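Q: This is the structure, below, for whatever I ask next.
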Amino acid sequence: MKIKEIYVEATFTKNLGNYQSFKPTAGITLIPEDGESYREIYKKGWDIVGEQLEEQLKLFNEEQKHGVKKGL
């Protein structure tokens, strides 16, 4: 069986209190290159998705400190 693409997605929910939350989601579809194992593809996907979630959380925290909205 040949894998044509792999999709990886993650969501992080941060409770802000008062029935509010911040919920960034990041996802990516990867197309395997010849010779690439599905484990390598998943690792690459999770790394990319994790970095994006970290970036959005960082931007959110900066906004909370400075009141400036960036990238969200």
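Q: Of the numbered conditions (1) among the hydrophobic types (A, V, I, L, M, F, W, C); (2) surrounded by 16 or more Cβ atoms within 10 Å (Cβ to Cβ); (3) under 30 Å from residue 4 (Cα atoms), residue 22 satisfies every one except a single condition; which is it?
A: Single failed check for residue 22: (3).
Q: Any residue at all in the stretch 45-60 that is assigned to a helix (DSSP H, G or I), open to solvent by less than 90 Å² (accessible area, probe 1.4 Å) and among the polar types (S, T, N, Q)? Write out each step before concluding.
A: Applying the first criterion (assigned to a helix (DSSP H, G or I)) to the stretch 45-60 yields 45-60.
Next, from what is left, pick out any that are open to solvent by less than 90 Å² (accessible area, probe 1.4 Å): 45, 47-50, 53, 55-57, 59-60.
Remaining after also requiring among the polar types (S, T, N, Q): 56.
Yes: one or more hits.
Q: Considering every residue within the stretch 64-71, establish whether at least one is touching a helix residue (DSSP H, G or I) at 6+ places or on another chain (Cβ under 7 Å), assigned to a strand (DSSP E or B) and not acidic (Asp, Glu).
A: no
Q: Would you say residue 42 is among the hydroxyl-bearing types (Ser, Thr, Tyr), out of contact with any Asp or Glu (no Cβ under 9 Å at 6 or more places or on another chain) and outside any strand (DSSP E or B)? I'd like the intermediate steps shown before the answer.
A: On the way: among the hydroxyl-bearing types (Ser, Thr, Tyr): yes; out of contact with any Asp or Glu (no Cβ under 9 Å at 6 or more places or on another chain): yes; outside any strand (DSSP E or B): yes.
Yes: the conditions hold for residue 42.
The values are calculated or read from the model by the stated rules, or taken from the named source; none is laboratory data. Everything quoted here is computed from the prediction, not taken from an experiment. Every residue, glycine among them, receives a Cβ derived from its backbone with ideal geometry; neighbour counts consider all protein chains shown. Side chains are part of the model used for accessible areas, which takes the heavy atoms of the whole protein and leaves out ligands, DNA and RNA. Shrake-Rupley method; radii C 1.70, N 1.55, O 1.52, S 1.80 Å.
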